[in-house]
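For reference, the structure discussed in these notes is given below.
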Amino acid sequence: MGFSDSVKLQIFNNAKGKCEDCGKTLVFQNHKEGERGAWEAHHKISLASGGKDIASNGEALCLACHKNTRT
């Protein structure tokens with residue numbers, strides 16, 4: 001599963017529309033590589049480790065920063 005659209009909006013608003021790692025300005029609707037301000041909602045604690053799909057367990061990351069969290 002993943003974050004619902006309403007939780008993604010909460011995460012985005014909590015981050016004030018900025019990547020929580022590098023500070024890049026994000027665009028809520030953009031989630032695909034190459035789109036201006038593209039971003040992903042990232043689980044702070046993975047689902048596999050017991051994390052939940054709730055806003056307090058999410059952070060808004062630009063695609064570049066999100067890729068760096070997986071390596």
*Taking into account only those residues within the stretch 56-71 that are open to solvent by 30 Å² or more (accessible area, probe 1.4 Å) and out of contact with any strand residue (DSSP E or B) (no Cβ under 7 Å at 6 or more places or on another chain), which is nearest to residue 2 (Cα to Cα)?*
56
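Residues being surrounded by 13 or more Cβ atoms within 10 Å (Cβ to Cβ) and assigned to a loop (DSSP other than H, G, I, E, B): count how many of those fall in the stretch 30-51.
Taking the stretch 30-51 first, the residues surrounded by 13 or more Cβ atoms within 10 Å (Cβ to Cβ) are 30-31, 37-43, 51.
With assigned to a loop (DSSP other than H, G, I, E, B) added as a condition, the list becomes 30-31, 37-38, 51.
Selection size over the stretch 30-51: 5.
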*Which of the residues belonging to the stretch 5-29 are of a type in the set (D, E, K, R), surrounded by 11 or more Cβ atoms within 10 Å (Cβ to Cβ) and part of a helix (DSSP H, G or I)?*
8
*Does residue 2 satisfy being in a loop (DSSP other than H, G, I, E, B), modelled with pLDDT of 95 or more and not hydroxyl-bearing (Ser, Thr, Tyr)?*
no
*asked:* Against the conditions (1) under 14 Å from residue 10 (Cβ atoms); (2) in contact (Cβ under 8 Å) with a residue 40 or more places away in the chain, where does residue 64 fall short? Just the number, please.
replied: (1)
*Look at the stretch 20-61 and say how many of its residues are touching a His at 6+ places or on another chain (Cβ under 9 Å) and in contact (Cβ under 8 Å) with a residue 40 or more places away in the chain.*
7
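What is the residue count in the stretch 18-55 for residues that are among the charged types (D, E, K, R) and more than 16 Å from residue 3 (Cβ to Cβ)?
Total satisfying the criteria: 7.
The values are calculated or read from the model by the stated rules, or taken from the named source; none is laboratory data. Note that this is a predicted model, so its numbers are computed, not measured. No Cβ is skipped: glycine too gets one built from the backbone with ideal geometry, and neighbour counts run over all protein chains shown. These accessible areas exclude ligands, DNA and RNA; they are computed on the full protein's heavy atoms, side chains included. Shrake-Rupley method; radii C 1.70, N 1.55, O 1.52, S 1.80 Å.
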